[in-house]
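A short worksheet on the structure shown next.
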Amino acid sequence: MLMRTDPFREMDRIVQQLSGTSGTWTRPSTMPMDAYREGEEYVIALDLPGVAKDAIDIDVERNMLTVKAERRPVTKADDVQMELSERPLGVFSRQLVLADTLDTERITADYDAGVLTLRIPIAERAKPRKIAIGGTTDHPQISG
């Protein structure tokens, strides 16, 4: 139901992790995600721990879904000395190409416990349906 748009994105993520660099608006880091079908909808769950709800931006244009988020540093008092800082800060982004069989007009989003969950219904036109056979049912009789 969806495709990754950049085959080198995973390689970029690994390089960023090894180099310890954070994402920027021009070169964001990726965010881990799961995607699965649940009944009549497609579910995408993205990990965004420590990101404020107002720092998450979700856009859909045609069949391109874009999620951007920014984890900002926590403001500290002047007398605080950082001993260890391992949690990544900066900008995170994920772009997904959605299949035409998904209803992008009815996407819903929930954010709970650091997980952004998007639910995308399967479009009515993509669901199986019966096709009625039209025309007359009278067939000419063959006499013999």
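All of the numbers you see were taken from the coordinates with simple rules; none came from a lab. Quantities reported herein were computed from a predicted structural model and do not represent experimental measurements. Because the Cβ atoms are built from the backbone with ideal geometry, glycine has one as well, and the counts that use them run over all protein chains shown.
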Approximate spin-label separation residue 105-residue 63, in nm, with each point projected 7 Å along Cα-to-Cβ: 1.7
Proximal aspartates and glutamates to residue 68, defined as alpha-carbon separation beneath 17 angstrom and excluding residues fewer than eight positions away on the same chain: 6, 10, 12, 34, 47, 54, 57, 59, 110, 112
Zero-based 10 Å bins, Cα pair distances in region 35-126, whole percents: 14, 41, 25, 12, 6, 1, 0
Nonlocal amide H pairs with residue 42, under 5 Å, H built at 1.01 Å: 120, 122
Per-residue ³J(HN,Hα) for region 84-100, Karplus 6.51 cos²θ - 1.76 cosθ + 1.60, θ = phi - 60°, Hz, x for Gly and Pro: 8, 9, 10, 6, x, 10, x, 9, 10, 8, 8, 10, 10, 8, 8, 5, 5
Sites residue 117 and residue 82, calculated FRET efficiency, Cβ-Cβ separation with R0 30 Å, nearest 0.05: 0.40
Integer Hz, Karplus 6.51/-1.76/1.60 couplings in order for region 108-123, x for Gly and Pro: 10, 9, 10, 10, 8, 6, x, 10, 8, 10, 9, 10, 10, x, 6, 5
